[in-house]
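Shown next, in structure tokens, is the structure this report addresses.
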Amino acid sequence: MDERLSIQRNGEYAANSIYFPLIVERLKEEHKQMREEISEIRKLAVSLLSLEDCSMGMCKLIELQDRILSLIEELEQHSEWEEQELFPLLQSYLHPTMALSVSRSVTVLEQDHDLAKRVVQSFVDGVNAMKVPIDLTFLQVMASELMTACLILLKHFTLEEELVYPLADGILEKLA
């Protein structure tokens, strides 16, 4: 890994050696919080599959819609922060070839993010268009849409963490 890491030796080094650990801590904490929320939303969506009273399902769908929209807003802010602060700082520590490879990988990861947003939008559109009374099939389709979005988001986090965490940890070791 030593050959792939290229720790800066300029004026930014001192500032970044203090700032970088804080950035990594923020990344890990935000991922942990969002993973927990995604898992909770997914569990609630799964619980819809066993509901027998569709009127309760309607209320739960609206609650889940609010939660997933809030999560997506949080995810958008997180992604913007990653793009503007985390990834440029991370790449500044890497050898140019490795930085290019990471950049390409991040671009591919964003496709998962976009897919999840499209599935969430499909769920939101379905909830917004629901007619009273809803039936069991509609409830199950909406639960399935939401579970799919959650699984895509969890996969996105896992892949991003598998890419970024080892690099960040290696940099942190070098800075210590």
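For this structure, a couple of remarks:
- Loop-located GluC sites (Glu not before Pro) in the stretch 21-57 whose Cβ has at most 12 other Cβ within 10 Å (DSSP): Glu52
- In the context of the full set of protein chains, residues of the chain present 54 Å² of accessible surface per residue (probe radius 1.4 Å, heavy atoms only).
- Listed by chain and number, the lysines whose alpha-carbon sits under 27 Å from that of Lys28, ignoring those within fewer than 8 places in the same chain, are Lys43, Lys117, Lys155, Lys174.
- Within the accessible area of the stretch 25-121, the carbon and sulfur atoms contribute 52%, probe 1.4 Å, all protein chains present.
- Both radii are taken from the alpha-carbon atoms of the stretch 97-164; with Rh as the Kirkwood radius, Rg/Rh is 1.19.
- Using alpha carbons only: equivalent-ellipsoid semi-axes of the chain, gyration tensor based, whole Å: 41, 14, 12
- Helix 96-128 and the longest principal axis of the Cα set of the chain meet at an angle near 10°.
- Tilt relative to the chain, helix 136-175 - C-alpha long axis, 0 to 90 degrees, to 10: 10
- The long axis of helix 12-48 is offset from the longest Cα principal axis of the chain by roughly 20 degrees.
- Computed accessible area, Asp53, all protein chains, 1.4 angstrom probe, square angstrom: 80
- Dipole check for the chain: with +1 at the C-beta of Lys and Arg, -1 at the C-beta of Asp and Glu, and the Cα centre as origin, the magnitude is about 240 Debye.
- Within a Gaussian network of the chain (alpha carbon springs, distance under 10 Å), most fluctuating of Leu61, Leu48, Leu136: Leu136
- In percent, rounded to a whole number, the relative contact order of the chain is 40, using alpha-carbon pairs under 8 Å and six or more apart.
- Sites Leu22 and Ala129, calculated FRET efficiency, Cβ-Cβ separation with R0 35 Å, nearest 0.05: 0.20
The values are calculated or read from the model by the stated rules, or taken from the named source; none is laboratory data. All of these numbers come straight from a predicted model, not from anything done at the bench. A quick note on method: Cβ atoms are made from the backbone with ideal geometry, for glycine too, and the neighbour counts reach across all protein chains shown. All accessible areas refer to the heavy atoms of the entire protein, side chains included, with ligands and DNA or RNA removed. Shrake-Rupley method; radii C 1.70, N 1.55, O 1.52, S 1.80 Å.
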